[in-house]
Amino acid sequence: VSFMKREDEIWSQFLDIVSLGTAADIVPLTGENRPIVKLGFEKMSSQATIGLQALLDIQKLNNKNLTTRDVVFGLAPCINATGRLGNSSLGVELLLSDNYTEALDIATQLVSANSQRRELDKKVQTEAMAYVENNCHAEKDFGIVIADEKWHVGVIGISASKVVEKFYRPAFLFNINNGIARGSGRSIPGINLLEVLHDCADILESYGGHKVAAGASIKTKNIEQFKNKFNDSVRLRSTESLLQPVVKADAEAGVGQLTPKFFRIIKRMEPFGPGNRRPVFLINNVSNRYPPRVVGKNHLKLCLQGEDGAVLDAIAW
């Protein structure tokens with residue numbers, strides 16, 4: 001059925017759901033995706049469907065201008081949480097609910113499940129990081145492969161991302177169960193993870209994905225062999241510069257240029273996301289006007305002064 005000939009209210013009522021899926025799936029926010037997400041976020045902020053409204057209320061994201069970050073790190077993980085832990089139906093029930101009391105109960109369960117998922121994430125990440133620090137060496141380990149029977153298969157992908165973020169090496173984490181290891185991997189720019197898995201295909205039971213993220217299953221007895229083949233394949237594709245993390249700035253700016261008007265203009269470019277990234281500005285030769293101080297648990301409060309004499313409050317995470 002063509003929606004082009006229908007009244008606006010026929011399709012516009014679904015905009016918040018469509019924008020949720022579009023942002024959560026990390027698709028490029030260019031072309032038609034950008035207005036879909038922009039209009040969908042506006043609808044979500046003012047007149048969300050009942051299920052989403054309940055989740056917004058629980059997450060304390062109501063009555064605000066939603067951003068891609070709110071959806072990707074706030075709403076989507078809760079809807080996905082029970083699926084990662086073995087039951088995906090609860091998120092569907094939330095989105096289909098037409099009763100606010102019922103939706104609030106489901107949203108509460110989803111937020112609780114997401115907290116449980118985070119605890120599992122934290123455990124896997126802590127153990128994986130410790131393994132790398134105690135057993136891997138930057139000079140010879142170009143790819144990281146770790147397997148453990150205690151790790152929950154639903155969270156190892158997220159943990160693999162954190163390992164890559166910290167050590168800047170392609171990484172694969174596996175859950176072992178009944179002689180089969182199921183894993184999830186992440187890579188760095190310049191190293192195609194799917195091509196690396198092609199090189200290991202003869203010992204894998206199955207695999208698939210794309211250049212940045214992939215999944216695979218393998219017989220437990222072949223993990224050590226996979227570790228060696230994975231490492232060799234990454235090494236052949238690596239250069240010294242490729243294994244060094246790079247922060248790319250879009251432009252250089254002075255402290256005095258970062259005015260409220262400037263940020264209002266930047267905000268008009270939202271929603272940010274893949275294909276339309278939040279801009280990064282480089283400020284050279286800044287000094288800290290006052291001694292830095294710790295705020296909260298692990299934040300650093302700064303007062304930066306630029307070469308132009310302008311002052312900017314800043315916080316480091």
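Taking θ as phi - 60° and the Karplus parameters 6.51, -1.76 and 1.60, the scalar couplings of segment 246-261 work out to 10, 9, 9, 9, 7, 6, 9, 9, x, 4, x, 7, 8, 9, x, 4 Hz in sequence order, x denoting glycine and proline. In terms of packing, defined here as the mean over residues of other Cβ atoms within 10 angstrom, the peptides 245-255, 125-135 line up highest first as 125-135, 245-255. Local charge for N134 was computed over the other residues whose Cβ lies under 13 Å away, with Lys and Arg +1 and Asp and Glu -1, and equals -3. The HN-Hα couplings worked out from phi for segment 46-51 by the Karplus form 6.51 cos²θ - 1.76 cosθ + 1.60 (θ = phi - 60°) are 10, 8, 6, 4, 4, x Hz, whole numbers, x standing for Gly and Pro. Using a probe radius of 1.4 angstrom, the carbon and sulfur fraction of the accessible surface of the chain is 52%. What translational diffusion coefficient, to the nearest whole µm²/s, does segment 257-302 have by Stokes-Einstein, given a Kirkwood radius computed over alpha-carbon pairs, a temperature of 20 °C and 1.002 mPa s viscosity? Value of D from the Cα-based Kirkwood radius: 157 µm²/s. To the nearest Å, what is the center-to-center distance of segment 165-208 and segment 11-46, using C-alpha atoms only? Here the answer is 32 Å between Cα centres.
Given the options R277, R34, R264, state which has the largest fluctuation in a GNM of the chain using a 10 Å cut-off (strictly under) for Cα springs. Taking springs between Cα atoms under 10 Å, the residue moving most is R264. So for segment 83-218, if I pair up every lysine 8 or more residues apart or on another chain, how many of those pairs have alpha-carbons under 25 Å apart? Taking the Cα cut-off of 25 Å, the pair count is 13.
Over the chain, dividing the summed -39,500 (n - 2.57) contributions of all DSSP H runs of at least 4 residues by the number of residues returns a 222 nm mean residue ellipticity of -13500 deg cm²/dmol. Considering only Cα atoms, the convex hull volume of segment 52-98 works out to 69 Å³ per residue. I need the Debye-formula profile for segment 166-224: one equal scatterer per C-alpha, no solvent, reported as log10 I(q)/I(0) at q = 0.18, 0.20 1/Å, two decimals. So the normalised log intensities are -0.57, -0.70. Derived value for segment 18-130: Kirkwood hydrodynamic radius 14.6 Å. Basis is the mean of 1/r over every pair of different alpha-carbon atoms.
Grouping the Cα pair distances of the chain into 10 Å bins from zero gives a pair-distance distribution of 5, 20, 26, 27, 18, 5, 0 percent in increasing distance order.
Protein heavy-atom accessible surface, 1.4 Å probe, per residue over the chain: 59 Å².
Other residues lying with their Cβ under 12 Å from the Cβ of A23 contribute a combined charge of -1, Lys and Arg counting +1, Asp and Glu -1.
Considering all alpha-carbon pairs of segment 226-271, what whole percent are spaced by more than 15 angstrom? Above the 15 Å cut-off, segment 226-271 has 69 percent of its Cα pairs.
Across the chain, the relative contact order, built from alpha-carbon pairs under 8 Å that are at least six residues apart, equals 12 percent.
Counting each pair of different Cα atoms once, what's the Kirkwood radius of segment 188-296 in Å, rounded to one decimal? So the Kirkwood estimate lands at 18.5 Å.
The values are calculated or read from the model by the stated rules, or taken from the named source; none is laboratory data. Because the structure is a prediction, the values reported are computed rather than measured. Quick reminder, even Gly has a Cβ in these numbers, built from the backbone with ideal geometry, and neighbours come from all protein chains shown. Accessible surface areas use protein heavy atoms only, side chains included; no ligands, DNA or RNA. Shrake-Rupley method; radii C 1.70, N 1.55, O 1.52, S 1.80 Å.
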